[in-house]
1. Of all residues in the stretch 24-45 being assigned to a helix (DSSP H, G or I) and of a type outside the set (Phe, Trp, Tyr), which is nearest to Lys110 (Cα to Cα)?
2. Among Thr60, Thr23, which is in contact with a strand residue (DSSP E or B) (Cβ under 8 Å, 6 or more places away or on another chain), within 25 Å of Tyr128 (Cα to Cα) and at pLDDT below 95?
3. Given the residues Glu59, Glu36, which is the only one that is of a type in the set (Asp, Glu), surrounded by 11 or more Cβ atoms within 10 Å (Cβ to Cβ) and either touching a residue at least 40 places away in the same chain (Cβ under 8 Å) or closer than 22 Å to Phe175 by Cβ (or both)?
4. Which pairs do you get when a residue that is farther than 20 Å from Asp49 by Cα, found in the stretch 64-92, comes within reach of a residue that is hydrophobic (A, V, I, L, M, F, W, C) and at pLDDT 95 or above, reach meaning Cβ atoms under 7 angstrom, with the pair 6+ apart or on two chains?
5. For the stretch 128-151, state whether one or more residues are surrounded by fewer than 16 Cβ atoms within 10 Å (Cβ to Cβ) and more than 25 Å from Glu24 (Cα to Cα).
6. Inside the stretch 26-57, can you point out the residues that are in contact with a Cys (Cβ under 8 Å, 6 or more places away or on another chain) and modelled with pLDDT under 95?
7. Kindly indicate which of Ser101, Ser107, Ser156 is over 16 Å from the mean Cα position of the chain (by Cα), surrounded by 12 or more Cβ atoms within 10 Å (Cβ to Cβ) and either polar (S, T, N, Q) or modelled with pLDDT of 95 or more (or both).
8. Out of the residues in the stretch 73-109 that are part of a helix (DSSP H, G or I) and hydroxyl-bearing (Ser, Thr, Tyr), which is nearest to Tyr58 (Cα to Cα)?
Amino acid sequence: MDQEQQQMSVYLAVSLDGYIATTEGNVDWLHHINGEGDNGYEHYYCGIDAVIMGRNTYETILTLDFPFPYSGKDCYVYTNSRYGADEHVTFINGTIDNLMSSLSTRSYTKCWICGGGLLISELINNKYITEFIVTIAPVILGSGIPLLTGIKDFQSLNLVKTTRYGQFVELHYDFTTE
């Protein structure tokens, strides 16, 4: 399946002031908000074939006090400081084009870009993201890891739908193709 047929999907939560985690990479603040069930996570997770993340996101996940959460999916870490694979992920090195080329050789329909902000921004800048689902959390962190940094060009998105999960609001967008 080629890149045009693969859906590259961002799905994550963000504070009202645009941060996906604290400066230390902590997302515990999400657990203090009244949501609804799993806030749509299981439905989304069942619809993906692979998980892609940056090295910092991966290393943060490894410090958490529970088993690796994506063991049922193919997982990739985009990095230029680790090579090969470990028990959880395959490391992909080089440029964003190398990452996309590597993924295009697999028969994935939908890949989840679960973090971090630098990887997401680079994929957006290179017009690889096809779907953007962001859940707004009603908190203001004041500082942290931003959702997007260094976006180069104006890009238009189409609102597909909004969903409320208790105090969370999920915004589902598709990128326009012009």
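The values are calculated or read from the model by the stated rules, or taken from the named source; none is laboratory data. This is a predicted model, so every value here is computed, not measured. Counting neighbours? That spans all protein chains shown, and the Cβs are built from the backbone with ideal geometry, glycine included.
1. By that ranking, first place goes to His43.
2. Unique residue meeting the criteria: Thr60.
3. Matching residue, one of Glu59, Glu36: Glu36.
4. Pairs found: Thr79/Phe91; Arg82/Phe91; Tyr83/Phe91; Gly84/Phe91.
5. no
6. So the first thing to find is which residues in the stretch 26-57 are in contact with a Cys (Cβ under 8 Å, 6 or more places away or on another chain), and the list is 48-53, 57.
Within the stretch 26-57, Thr57 is the sole residue that qualifies.
7. Numbers: Ser107 fails: surrounded by 12 or more Cβ atoms within 10 Å (Cβ to Cβ); Ser156 fails: surrounded by 12 or more Cβ atoms within 10 Å (Cβ to Cβ).
That would be Ser101, the only listed residue that is over 16 Å from the mean Cα position of the chain (by Cα), surrounded by 12 or more Cβ atoms within 10 Å (Cβ to Cβ) and either polar (S, T, N, Q) or modelled with pLDDT of 95 or more (or both).
8. Looking at the filtered set, the residue picked out is Ser102.
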